[in-house]
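What follows is a single structure, written as structure tokens, with notes after it.
The values are calculated or read from the model by the stated rules, or taken from the named source; none is laboratory data. Bear in mind the structure is a predicted one, so any value in this text is a computation, not a measurement. Counting neighbours? That spans all protein chains shown, and the Cβs are built from the backbone with ideal geometry, glycine included. Surface accessibility is based on the protein's heavy atoms, side chains included, excluding ligands, DNA and RNA. Shrake-Rupley method; radii C 1.70, N 1.55, O 1.52, S 1.80 Å.
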Amino acid sequence: MEYKEQSHEEILDLLVKALEAEDLEGFREVFLSLHFYDQGQAFMALNQEERDQAYRYLSAKEVADMLDTMEEEHEEALEEYLEEMNDQYAADVLDSMYVDNAVDLMNQLEDPDLVSKYLHLMPVESGRKISQLMNYLDETAGSIMTTEYVAVQATWTLAQAYDYIRQQAKLAETIYYVYVVDSLNRLLGVISLRDLIVNAEDKLIEEIMSPRVITVHVNDDQEEVAQKVQDYDLLALPVVGFDRELQGIITVDDILDVMQEEAESDYSGLAAVDVSESHHHPLSAAKSRLPWLITLLFLGMGTSTLISQYGQLIEEVSVLSAFVTLITGTAGNAGTQSLAVAVRKLTNKDEGDHFFDSVGFELITGLITGLVVGLAVFGIVIVWQGNMILGFTIGIAMMSAIVVANLAGSLIPKLMDRLGFDPAVASGPFISTLSDLTSVFIYFSIAQFFLSALIG
């Protein structure tokens, strides 16, 4: 029976009814007809009692196929599922998953004794591979690669390669690229699936392979790996060690996960909150957000203190207070725009983005935008207040504040990057609060200069 046309709710209802009726065949027929992603969505909708029953109806390999599609997006749920299974079944599930996904999941487990138990319950070779990958530094090429690839010897004929690839195809994560190695497993070249199909079977691998192979080292940062895959439009990227020995490959699905991680990291920086964390209680959500809010509170108090220093000026020209939020808000928005562009360039490792070029670019951009906004507010104040000196003061202050905010939003993340800190720390709220401080100082300094004319 086909279930493609039925809604998620209808399919879930069929699965639950099959479990309630203890209909093993009915459950398997519906569940295994679904795409792995849809299996995962349905599985997450089951309660624990229903999941416990499903484990008895499904083999470890069938559960592993489902978890492979859920691994990155639902890590917390997968940890819970593993703990629900008996230890041997959980170890079999991990053994049946793609090695890189199993490693990611094992790294999320908080109990080291549980990790050790799973490794001991697996076949020796599987446990060895997973242990080896778990030892690589986090966010490096080694930590996201898989050892499930196909490599052939340079001295083989295509006929020999065909036979070997047929044997290994089910175990490999991808066979679009077949890598060529020597007797010491050092990478010599690569052959595409097309090359294998269009050439005669009696040809040697070394005659048709391409020796120009784009590679990454096991210790390369995952951002650099993602950028290389994007630059060269690759479906998989080989990972080599110090002597060019082939250690594994990184497939494009893992690169997509890396890009999502980095995007979340950048957005978390701009928002000053970890957007990847899913909190199940308002108290835990508040706890994660409070440190930055308290820090920004003290920085904001600096702005309040600065305003209080100009109390005498505000008393004499009270209309100045009406434009404080206008100037600080506009400058903060300009700084956040500049920050977003700067972080984006740093994320993409833009080689054409030189430090002093950026200074000049943001200075000119700030001057243009500041001049236009300053002229606009100059005209508005003249019409509203009928005071050209006041309009000129606020226009000049607005332009100056925007220029400074633009430079701060662009240069602070670059300086942090140069000093070895995460540029995402220069968050949107931080830049906005800093812009408030500088804008208030600029505004009242200029107003102080024109005080006699304003009073007159």
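Values as computed for the structure displayed
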{"item": "Hits in the stretch 237-248 (condition: part of a loop (DSSP other than H, G, I, E, B) and of a type in the set (A, V, I, L, M, F, W, C))", "result": "Phe242"}
{"item": "Residues satisfying the stated conditions in the stretch 376-390, i.e. under 48 Å from the mean Cα position of the chain (by Cα) and of a type in the set (Gly, Ala, Ser)", "result": "Ala376, Gly379"}
{"item": "Selection count, the stretch 142-156, where residues are out of contact with any Gly (no Cβ under 9 Å at 6 or more places or on another chain), under 23 Å from Glu207 (Cβ atoms) and surrounded by 15 or more Cβ atoms within 10 Å (Cβ to Cβ)", "result": "5"}
{"item": "Residue check, Ser126 touching a residue at least 60 places away in the same chain (Cβ under 8 Å) and in a helix (DSSP H, G or I)", "result": "no"}
{"item": "Residues that are surrounded by 15 or more Cβ atoms within 10 Å (Cβ to Cβ), farther than 22 Å from Tyr164 by Cα and either at pLDDT below 90 or not hydroxyl-bearing (Ser, Thr, Tyr) (or both), drawn from the stretch 205-220", "result": "Val216, His217, Val218, Asp220"}
{"item": "Checking Leu234 against (1) within 26 Å of the chain's Cα centre (by Cα); (2) part of a loop (DSSP other than H, G, I, E, B); (3) modelled with pLDDT of 90 or more, the condition it does not meet", "result": "(3)"}
{"item": "Count of residues meeting criterion [of a type outside the set (D, E, K, R) and within 14 Å of Val225 (Cα to Cα)] in the stretch 128-145", "result": "6"}
{"item": "Test result for Tyr3, at pLDDT below 90 and either crowded, with 17+ Cβ neighbours inside 10 Å or part of a helix (DSSP H, G or I) (or both)", "result": "no"}
{"item": "Residue under evaluation Lys117, criteria (1) in contact with a helix residue (DSSP H, G or I) (Cβ under 7 Å, 6 or more places away or on another chain); (2) crowded, with 17+ Cβ neighbours inside 10 Å, criterion not met", "result": "(2)"}
{"item": "Candidate set: the stretch 123-141, residues that are β-branched (Val, Ile, Thr) and open to solvent by less than 60 Å² (accessible area, probe 1.4 Å); chosen: the one farthest from the chain's Cα centre (by Cα)", "result": "Ile130"}
{"item": "Odd one out for Arg194, checked against (1) part of a loop (DSSP other than H, G, I, E, B); (2) out of contact with any strand residue (DSSP E or B) (no Cβ under 8 Å at 6 or more places or on another chain)", "result": "(1)"}
{"item": "Qualifying residue in the stretch 95-102 (condition: outside any helix (DSSP H, G or I) and touching a residue at least 40 places away in the same chain (Cβ under 8 Å))", "result": "yes"}
{"item": "Residue count for the stretch 302-320, restricted to those that are open to solvent by 80 Å² or more (accessible area, probe 1.4 Å) and closer than 16 Å to Ile442 by Cβ", "result": "1"}
{"item": "Among the candidates Tyr179, Tyr164, residue that is without any contact (Cβ under 8 Å) to a residue 24 or more places away in the chain and of a type in the set (Ser, Thr, Tyr)", "result": "Tyr164"}
{"item": "Elements of type helices (runs of 4 or more DSSP H) contained in the stretch 359-456, each with 3 or more residues being modelled with pLDDT of 85 or more", "result": "388-418, 428-449"}
{"item": "Considering residues of the stretch 170-201 that are among the acidic types (Asp, Glu) and open to solvent by less than 70 Å² (accessible area, probe 1.4 Å) only, the residue modelled with the highest pLDDT", "result": "Asp182"}
